[in-house]
Amino acid sequence: MPAALLPILVTSHVVLAVGLFLPSILLPFALRANRRANESPNRAVRFLLWIQAEATIVFGAGLAITGLGLLAVLGPQLLSRPWLLVALAIYAANLAIAFFIQRPNLRRLVGIRAAADDRAWSSWARRQRYVSYAMAALVGTIGFLMTTKPQLW
């Protein structure tokens, strides 16, 4: 695979990677705004839920394809870039948080009907927002590693 495809592969890979867990980061905040209105899920919440339920397979498949393409282009050079290996490990941890912690809890949170002053719902939603903050911090760390490319070892 020619190296000229590298910018296209990297761009596609990053867009798909962010799109894969973006609903898990944004949903707690969209639910908060929606809960204030005490109404059925608004368009933004329904769209994020749809992405999380239906588009995950498309994003995951695209991510796997572009990842294999990047491995084909980079080959053994990947091992000479420790910052990239650390970024991949952080991304894997972020995906694990999104799929095994955030996603199931958000589904339960969406299904709960509560009064606007329900303290239990608010507390649970607050915890989910903290998880979203942590996930966003991990994304920021990946961005930092990708832009600075530090010499880690």
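Normalised per residue, the accessible area of the chain is 59 Å², obtained with a 1.4 Å probe and no contribution from ligands, DNA or RNA.
Based on C-alpha pairs under 8 angstrom that are at least 6 apart in sequence, the chain has a relative contact order of 35 percent. Split the accessible area of the chain by element, probe 1.4 Å, and carbon with sulfur accounts for 69%. Only the Cβ atoms of Lys and Arg (+1) and of Asp and Glu (-1) were treated as charged; on that basis the dipole of the chain about its Cα centre amounts to roughly 500 debye.
Per-peptide packing, taken as the mean over residues of other Cβ atoms within 10 Å, places 18-30, 140-152 in the sequence 18-30, 140-152 from highest down.
GNM on the chain, alpha-carbon springs under 10 angstrom: the most fluctuating residue among Arg108, Arg32, Arg127 is Arg108.
Against the empirical curve 2.2 N^0.38 Å, the C-alpha radius of gyration of the chain lands at a ratio of 1.21. Label sites at Ala92 and Thr141, each approximated as a point 7 angstrom past Cα along Cα to Cβ, lie 1.4 nm apart.
Work out how much length Val14 to Leu68 would gain on full extension: take 0.36 nm times their residue separation and subtract the Cα-Cα distance, in nm to one decimal.
My answer for the length gained is 18.1 nm.
The values are calculated or read from the model by the stated rules, or taken from the named source; none is laboratory data. All figures in this text were calculated on a predicted structure; none of them were measured in a lab. Every residue, glycine as well, gets a Cβ built from its backbone with ideal geometry; the counts of neighbours run over all protein chains shown. With ligands, DNA and RNA removed, areas are computed over all heavy atoms of the protein, side chains included. Shrake-Rupley method; radii C 1.70, N 1.55, O 1.52, S 1.80 Å.
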